[in-house]
1. For Val123, state whether it is in contact with an Asp or Glu (Cβ under 8 Å, 6 or more places away or on another chain) and either surrounded by 11 or more Cβ atoms within 10 Å (Cβ to Cβ) or free of Cβ contacts under 8 Å to residues at least 60 places away in the same chain (or both).
2. Please work out which residue is most open to solvent (accessible area, probe 1.4 Å), limiting yourself to the range 82-120 and to residues that are acidic (Asp, Glu) and more than 21 Å from Glu71 (Cα to Cα).
3. Can you list residue pairs whose Cβ atoms sit under 9 Å apart, with the first residue in the range 74-101 being without any contact (Cβ under 8 Å) to a residue 40 or more places away in the chain and over 20 Å from Asp29 (Cα atoms) and the second being open to solvent by 50 Å² or more (accessible area, probe 1.4 Å) and among the hydrophobic types (A, V, I, L, M, F, W, C)? Count only pairs 6 or more apart in sequence or on different chains.
4. For Tyr30, are the conditions met, namely being without any contact (Cβ under 8 Å) to a residue 60 or more places away in the chain, among the aromatic types (Phe, Trp, Tyr) and in contact with a helix residue (DSSP H, G or I) (Cβ under 7 Å, 6 or more places away or on another chain)?
5. Being more than 16 Å from Ala130 (Cβ to Cβ) and of a type in the set (Ser, Thr, Tyr) is the filter here, so list the residues in the range 94-113 that pass it.
6. Checking Ile19 against (1) in contact with a strand residue (DSSP E or B) (Cβ under 8 Å, 6 or more places away or on another chain); (2) within 19 Å of Ala130 (Cα to Cα), only one condition comes out false. Which one?
7. Restricting to the range 39-65, and then to whatever is open to solvent by 100 Å² or more (accessible area, probe 1.4 Å) and either at pLDDT below 95 or in contact with a Pro (Cβ under 8 Å, 6 or more places away or on another chain) (or both), can you tell me which residue is farthest from Asp109 (Cα to Cα)?
8. Identify all residues within the range 95-125 that are more than 11 Å from the chain's Cα centre (by Cα) and of a type in the set (A, V, I, L, M, F, W, C); write none if there are none.
Amino acid sequence: MSQLRKIKKKIQHKDEERISQIITEFSADYLATAEDTQSRQSYLNCACTAWNLALFPDEEIEQKLKLLVEEYCFNNPGLSDGEEYRHNLRQLIARKKKHYNHIKLSVVDASILEQGKDIWIQVVSRPFSATP
């Protein structure tokens, strides 16, 4: 095995161990605007969706984003915040690409855990694959 492949494996393994911390850092500003646990979980879901979208090639992101926002609007007919949702996703995608582009793990599940005033994020991830 080449030295470069060994280094990449070490980096990937280190990122896997720290993914909860990384997602916490990645989404902190966004989650800080949530007012309660349910809102925090919804915002975390949005942040993880953006994280996963950012893993795709640039030419695929816009199409996937369009479909996602259409689905969001369909599933939330009483809400008129589809454009805000799209805007938030775009900002989070840009943040992922700027600061965490080297991490090629997709988020499979993420949960907000609260105890008193303490809040944690627990994340399950796997190596990214563009095919299901």
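1. Working: in contact with an Asp or Glu (Cβ under 8 Å, 6 or more places away or on another chain): yes; either surrounded by 11 or more Cβ atoms within 10 Å (Cβ to Cβ) or free of Cβ contacts under 8 Å to residues at least 60 places away in the same chain (or both): yes.
So Val123 fits the description; yes.
2. Taking the range 82-120 first, the residues acidic (Asp, Glu) are 83-84, 109, 114, 118.
Those left that are additionally more than 21 Å from Glu71 (Cα to Cα): 114, 118.
On the way: Glu114: 71, Asp118: 87 Å².
Ranking the candidates gives Asp118 first.
3. Every condition considered, the pairs that remain are Leu79/Cys73; Ser80/Cys73; Gly82/Cys73.
4. Working: without any contact (Cβ under 8 Å) to a residue 60 or more places away in the chain: no; among the aromatic types (Phe, Trp, Tyr): yes; in contact with a helix residue (DSSP H, G or I) (Cβ under 7 Å, 6 or more places away or on another chain): yes.
The answer is no for Tyr30.
5. Answer for the range 94-113, where residues must be more than 16 Å from Ala130 (Cβ to Cβ) and of a type in the set (Ser, Thr, Tyr): Tyr100, Ser111.
6. Evaluating Ile19 over (1) in contact with a strand residue (DSSP E or B) (Cβ under 8 Å, 6 or more places away or on another chain); (2) within 19 Å of Ala130 (Cα to Cα) leaves (2) as the failure.
7. Taking the range 39-65 and keeping what is open to solvent by 100 Å² or more (accessible area, probe 1.4 Å), we get 58-59, 63.
Applying the additional criterion that residues be either at pLDDT below 95 or in contact with a Pro (Cβ under 8 Å, 6 or more places away or on another chain) (or both) yields 58-59.
Values: Asp58: 23, Glu59: 25 Å.
Result: Glu59.
8. Once the filter is applied, which keeps residues that are more than 11 Å from the chain's Cα centre (by Cα) and of a type in the set (A, V, I, L, M, F, W, C), the range 95-125 yields Ile103, Ile112, Leu113, Ile119, Trp120, Ile121, Val124.
The values are calculated or read from the model by the stated rules, or taken from the named source; none is laboratory data. Because the structure is predicted, anything quoted here is derived from the model rather than measured. Positions of Cβ are backbone-derived with ideal geometry, glycine not excepted, and every protein chain shown enters the neighbour counts. Keep in mind that these areas ignore ligands, DNA and RNA; they rest on the heavy atoms of the full protein, side chains included. Shrake-Rupley method; radii C 1.70, N 1.55, O 1.52, S 1.80 Å.
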